[in-house]
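Participant: Just dropping this structure here.
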Amino acid sequence: MSPLPEFERICDGFLISTDNRRIDLNVVHEFLTHSYWAAGISREVVARSIENSLCFGIYREDQQVGFARVISDYATFAYLADVFVLEDFRGKGLSKFLMQCIIEHPNLQGLRRWVLGTRDAHGLYAQFGFKPLHAPDIFMEIHNRDIYKTSSI
């Protein structure tokens with residue numbers, strides 16, 4: 001598959017871009033390694049996850065202030081992961097702007113299923129059509145909760 005074309009949108013002086021060359025790996029790793037969902041994740045794993053995902057960075061001039069990534073086959077399924085806005089930039093509507101850009105991305109149209117996991121942002125995602133699993137009993141998982149604490153990956 002050829003690389004996806006870059007996607008950029010600007011709102012109130014903030015840029016959202018899918019250009020991975022813009023991503024500040026230090027910012028993303030620092031946030032994720034202290035998050036509740038990826039605490040202790042290695043820099044190498046973060047770099048590999050970025051390389052293999054459609055990433056959306058939020059930038060104020062040259063400073064990265066937010067991030068999200070989508071894992072998808074671009075035909076039927078997408079998993080939304082690692083969504084964040086740095087604390088100093090919250091309350092400016094950036095998470096909504098980010099979600100709008102993700103949902104409107106041309107390569108993510110017509111998908112049958114989107115999924116995500118969140119402990120505390122249900123209200124945000126509900127605004128974009130996300131709901132609790134319709135049939136949670138059909139989903140299964142392997143969840144290695146402590147993998148970043150015990151693995152050298």
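Participant: For the stretch 103-120, indicate whether the set of residues that are within 15 Å of Ile16 (Cβ to Cβ), out of contact with any Pro (no Cβ under 9 Å at 6 or more places or on another chain), of a type in the set (A, V, I, L, M, F, W, C) and in contact (Cβ under 8 Å) with a residue 12 or more places away in the chain is non-empty.
Facilitator: Within the stretch 103-120, one or more residues are within 15 Å of Ile16 (Cβ to Cβ), out of contact with any Pro (no Cβ under 9 Å at 6 or more places or on another chain), of a type in the set (A, V, I, L, M, F, W, C) and in contact (Cβ under 8 Å) with a residue 12 or more places away in the chain.
Participant: Considering each residue of the stretch 74-90, count those that are farther than 17 Å from Asn52 by Cα and either touching a residue at least 60 places away in the same chain (Cβ under 8 Å) or among the hydrophobic types (A, V, I, L, M, F, W, C) (or both), and give that number.
Facilitator: Summing the residues that are farther than 17 Å from Asn52 by Cα and either touching a residue at least 60 places away in the same chain (Cβ under 8 Å) or among the hydrophobic types (A, V, I, L, M, F, W, C) (or both) in the stretch 74-90 gives 4.
Participant: Among the candidates Val65, Val70, Val45, Val27, which residue alone is in contact (Cβ under 8 Å) with a residue 40 or more places away in the chain and within 22 Å of His143 (Cβ to Cβ)?
Facilitator: Of the residues listed, the single one that is in contact (Cβ under 8 Å) with a residue 40 or more places away in the chain and within 22 Å of His143 (Cβ to Cβ) is Val45.
Participant: Taking strands (runs of 3 or more DSSP E) that do not extend beyond the stretch 13-122, which have at least 1 residues that are under 21 Å from Lys149 (Cβ atoms) and small (Gly, Ala, Ser)?
Facilitator: Hits in the stretch 13-122: 77-85.
Participant: Still on this structure: Answer yes or no as to whether Gly93 is surrounded by fewer than 19 Cβ atoms within 10 Å (Cβ to Cβ), small (Gly, Ala, Ser), touching a residue at least 12 places away in the same chain (Cβ under 8 Å) and over 22 Å from Gly110 (Cβ atoms).
Facilitator: On the way: surrounded by fewer than 19 Cβ atoms within 10 Å (Cβ to Cβ): yes; small (Gly, Ala, Ser): yes; touching a residue at least 12 places away in the same chain (Cβ under 8 Å): yes; over 22 Å from Gly110 (Cβ atoms): yes.
Judged against the criteria, Gly93 is a match.
Participant: Would you point out the residue of the stretch 36-83, among those that are within 24 Å of Glu104 (Cα to Cα) and hydroxyl-bearing (Ser, Thr, Tyr), that is surrounded by the most Cβ atoms within 10 Å (Cβ to Cβ)?
Facilitator: Taking the candidates together, the pick is Tyr59.
Participant: Quick check on my filter: what residues within the stretch 38-70 are under 17 Å from Ala121 (Cβ atoms) and under 12 Å from the mean Cα position of the chain (by Cα)?
Facilitator: Matches in the stretch 38-70: Phe56, Ile58, Gly66, Phe67, Ala68, Arg69, Val70.
Participant: If you go through the stretch 130-140 one residue at a time, do you hit one that is among the β-branched types (Val, Ile, Thr), modelled with pLDDT of 90 or more, out of contact with any Cys (no Cβ under 9 Å at 6 or more places or on another chain) and loosely packed, with under 10 Cβ neighbours inside 10 Å? I'd like the intermediate steps shown before the answer.
Facilitator: Of the residues in the stretch 130-140, the ones among the β-branched types (Val, Ile, Thr) are 138.
Adding the requirement that they be modelled with pLDDT of 90 or more leaves 138.
Now narrow it down to the ones that are out of contact with any Cys (no Cβ under 9 Å at 6 or more places or on another chain): 138.
Narrowing the set further to residues that are loosely packed, with under 10 Cβ neighbours inside 10 Å leaves 138.
Looking for residues that are among the β-branched types (Val, Ile, Thr), modelled with pLDDT of 90 or more, out of contact with any Cys (no Cβ under 9 Å at 6 or more places or on another chain) and loosely packed, with under 10 Cβ neighbours inside 10 Å, one finds at least one in the stretch 130-140, hence yes.
The values are calculated or read from the model by the stated rules, or taken from the named source; none is laboratory data. Predicted model only: the values in this text are computed from it and were never measured. All Cβ positions, even for glycine, are placed from backbone atoms using ideal geometry, and neighbour counts span all protein chains on display.
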